[in-house]
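Below is one structure, written out as structure tokens; comments come after it.
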Amino acid sequence: MSSSSSAQTLPQSASPLLARLSEIVGERGLITDPRDMEPYIVDWRGFYRGAAPAIVRPANTAEVAAVVKLCAETRTGVVPQGGNTGMCGGATPSPAGKEIVLSLGRMNRIREVDALNNTLTADAGCILVNVQQAALAADRLFPLSLGGEGSCQIGGNLATNAGGINVLRYGNTRDLTLGLEAVLPDGRVWNGLRGLRKDNTGYDLKDLFIGSEGTLGVITAAVLKLFPLPRTRLTALLAVADPAAAVQLLARLRGACGERISAFEIISRLCLDLVLKHVPGTREPLAGVHPWHVLIELADTSEGGSLRSDFEAAVSRAVEDGLTQDAIIAESTAQAQALWRLRETIPEASRDEALLYRHDISIAVSRIPDFIATAGTALERAIPGARVICFGHLGDGNLHYNCFVAGRRRDDPAARDATDVNEVVLDIVRDFGGSFSAEHGIGQAKRAALAQYKSGLELGVMRGLKRTFDPLNIMNPGKVLPDETVTGDR
């Protein structure tokens with residue numbers, strides 16, 4: 001059976017289905033008014049618009065299980081949705097209106113905080129910042145941190161294996177997860193909520209669900225890792241001549257400061273110019289105008305340690321060796337927030353310009369300077385007028401390598417659908433042994449890229465897993481996996 005051709009039809013009248021759904025979740029858990037459904041059927045960037053007979057908002061795992069079981073019986077597609085902050089349309093239903101949206105926002109309970117085991121168990125609908133605050137109340141740190149943390153939900157973070165700014169030290173969401181609870185496509189509940197750091201009892205099922213974007217089941221809860229709360233933090237912005245100097249600086253600082261480096265972000269001049277132009281209250285952070293900057297955060301769990309002196313000594317040597325031209329260390333929380341605002345508002349500032357082609361890529365850290373140079377030259381040659389917006393998590397090799405093309409507008413479908421920029425960039429990513437999706441997932445936006453850059457063997461194994469878990473193809477149909485007829489490179 002094809003993973004993309006299974007029947008996705010509602011009953012001739014949707015009313016019997018809606019009545020049964022209402023019996024499961026109650027009136028509060030069912031939204032059918034088109035005006036109230038609007039935020040759930042459009043992705044936050046406005047790129048994807050779908051339709052649905054209803055938004056279903058269960059209050060607990062038992063209700064999720066009952067809803068999914070009913071959808072399996074009626075062959076109704078299910079689109080799991082968290083905070084709807086994804087970048088690839090993975091939580092948006094199709095325009096055909098044959099799938100329900102399963103919104104987990106009502107499932108927002110912190111089930112347990114075990115400070116001695118350094119774990120926190122949370123419902124999938126918990127907003128990320130609330131998980132962070134629950135950890136903080138127990139004098140612990142949950143280190144996942146990203147721009148949308150005030151609205152994204154932990155279930156969506158798990159479904160996309162979200163990254164964020166602290167991956168360098170703590171890892172992706174996958175690395176921060178010990179156990180899961182999930183509803184399978186037939187409505188059965190798998191309870192894998194184990195707070196164990198060692199469990200070699202066969203296949204690790206949780207890793208199949210993490211990053212699967214709701215195509216294998218619905219994540220309903222998770223056991224997450226906590227860490228000692230940092231007592232000392234240091235935020236600094238340094239000017240560098242080019243990405244090669246930034247990579248050398250990273251190596252130098254890791255040698256001097258070790259694992260105390262939590263974040264190491266690179267920001268190109270054009271990115272900073274966009275922020276200064278479009279974001280009120282921002283200003284040039286250093287005395288001169290520099291082509292590249294790196295934003296660094298360090299943290300130590302001890303108070304009064306050597307963090308600052310170690311960092312300052314390493315930076316002084318870097319200045320002597322020409323790796324950095326200027327630096328500023330935040331002297332207050334407000335100053336640190338102002339420096340981070342320069343980095344975190346780049347996507348917002350970019351939206352105020354022309355059509356932007358976004359690339360969430362990863363490259364081996366050592367090869368990033370060569371990649372940036374090679375891709376920039378190729379774009380300039382192939383697409384006159386292209387402007388590269390390059391920033392991201394240099395410390396873990398994840399770049400947001402985005403591109404404006406002069407004269408192209410967001411409201412022009414031909415420009416939006418053009419693949420020339422993507423082909424240039426992603427072919428070079430492949431040649432450098434990188435990945436075309438580092439932390440944003442596949443969703444709808446990158447299915448064609450998955451077909452092009454994944455081998456036929458890998459696609460075949462992925463399709464086999466999909467058929468095993470979801471033979472009826474009701475879980476988030478039309479997402480992640482490309483059409484069966486597309487075989488990929490072999």
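The values are calculated or read from the model by the stated rules, or taken from the named source; none is laboratory data. Because the structure is a prediction, the values reported are computed rather than measured. Cβ coordinates were reconstructed from backbone atoms using ideal geometry, including for glycine residues, and neighbour counts include every protein chain displayed.
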Original post:
Is region 72-92 home to any residue that is surrounded by fewer than 22 Cβ atoms within 10 Å (Cβ to Cβ), of a type in the set (S, T, N, Q) and in contact with a Cys (Cβ under 8 Å, 6 or more places away or on another chain)?
Top reply: no
**OP:** Name the residue, out of I127, I154, I165, that is among the hydrophobic types (A, V, I, L, M, F, W, C), at pLDDT below 95, within 20 Å of the chain's Cα centre (by Cα) and under 21 Å from I210 (Cβ atoms).
**Re:** I165
Subject >> Unmet criterion (only one of (1) under 27 Å from P471 (Cβ atoms); (2) surrounded by fewer than 23 Cβ atoms within 10 Å (Cβ to Cβ)) for L102 >> reply: (2)
**OP:** Check T173, T160 and return the single one that is over 20 Å from M475 (Cα atoms) and β-branched (V, I, T).
**Re:** T173
Subject >> Residues of region 356-365 satisfying the condition of being under 12 Å from G434 (Cβ atoms), touching a helix residue (DSSP H, G or I) at 6+ places or on another chain (Cβ under 8 Å) and not hydrophobic (A, V, I, L, M, F, W, C) >> reply: H359, S362
**OP:** May I ask you to say which residue of S302, S316 is surrounded by fewer than 21 Cβ atoms within 10 Å (Cβ to Cβ) and part of a helix (DSSP H, G or I)?
**Re:** S316
Original post:
Considering R408, R381, which residue is touching a Leu at 6+ places or on another chain (Cβ under 6 Å) and not small (G, A, S)?
Top reply: R408
Original post:
How many of the residues making up region 206-246 are part of a loop (DSSP other than H, G, I, E, B), of a type in the set (A, V, I, L, M) and buried (at least 16 other Cβ atoms within 10 Å of the Cβ)?
Top reply: 3
Original post:
Which is in contact with a Gly (Cβ under 7 Å, 6 or more places away or on another chain), on the phi < 0 side of the Ramachandran plot and at pLDDT 95 or above, of L250, L234?
Top reply: L250
Subject >> Condition broken by D427, with the remaining ones in (1) farther than 20 Å from S268 by Cα; (2) in contact with a helix residue (DSSP H, G or I) (Cβ under 8 Å, 6 or more places away or on another chain); (3) surrounded by fewer than 22 Cβ atoms within 10 Å (Cβ to Cβ) satisfied >> reply: (2)
Original post:
Going through region 183-205 one residue at a time, which ones are surrounded by fewer than 24 Cβ atoms within 10 Å (Cβ to Cβ), hydrophobic (A, V, I, L, M, F, W, C) and not in a loop (DSSP other than H, G, I, E, B)?
Top reply: V189, W190
**OP:** Select from region 238-276 the residues that are over 19 Å from A299 (Cβ atoms), touching a residue at least 60 places away in the same chain (Cβ under 8 Å) and not aliphatic (A, V, I, L, M) and list them in ascending order.
**Re:** D242, P243, Q248, S268, C271
Subject >> Matching residues in region 404-463 - criterion: being over 22 Å from I346 (Cβ atoms), assigned to a loop (DSSP other than H, G, I, E, B) and not β-branched (V, I, T) >> reply: G407, D411, D412, A418, F432, G433, Q444, K454
Original post:
Limited to region 331-361, what total is found for residues that are touching a Phe, Trp or Tyr at 6+ places or on another chain (Cβ under 9 Å) and outside any helix (DSSP H, G or I)?
Top reply: 9
Original post:
Quick one: R283 ticks every box in (1) basic (K, R); (2) in a loop (DSSP other than H, G, I, E, B); (3) closer than 25 Å to I372 by Cα bar one, so which box is it?
Top reply: (3)
Subject >> Top-ranked residue in region 20-68 [being among the polar types (S, T, N, Q) and closer than 16 Å to V78 by Cα; ranked as surrounded by the most Cβ atoms within 10 Å (Cβ to Cβ)] >> reply: T61
**OP:** Would you check which residues across region 79-126 are assigned to a loop (DSSP other than H, G, I, E, B), among the hydrophobic types (A, V, I, L, M, F, W, C), over 15 Å from V64 (Cα atoms) and in the same structural domain as N161 (by TED's automatic domain parsing) and list them?
**Re:** A115, L116, C126
**OP:** Considering only region 454-464, state which residues are closer than 14 Å to T215 by Cα, crowded, with 16+ Cβ neighbours inside 10 Å and either in contact with a strand residue (DSSP E or B) (Cβ under 9 Å, 6 or more places away or on another chain) or not basic (K, R) (or both).
**Re:** M462
Original post:
For A445, all conditions in the list (1) under 17 Å from I368 (Cα atoms); (2) modelled with pLDDT under 95 hold save one; what is the number of the exception?
Top reply: (1)
Original post:
D310 is checked against (1) crowded, with 18+ Cβ neighbours inside 10 Å; (2) part of a helix (DSSP H, G or I); (3) of a type outside the set (G, A, S); (4) within 23 Å of the chain's Cα centre (by Cα) and fails just one. What number does that condition carry?
Top reply: (4)
**OP:** Could you please let me know if A251 is of a type in the set (A, V, I, L, M), touching a Leu at 6+ places or on another chain (Cβ under 8 Å) and either assigned to a loop (DSSP other than H, G, I, E, B) or within 27 Å of A364 (Cβ to Cβ) (or both)?
**Re:** no
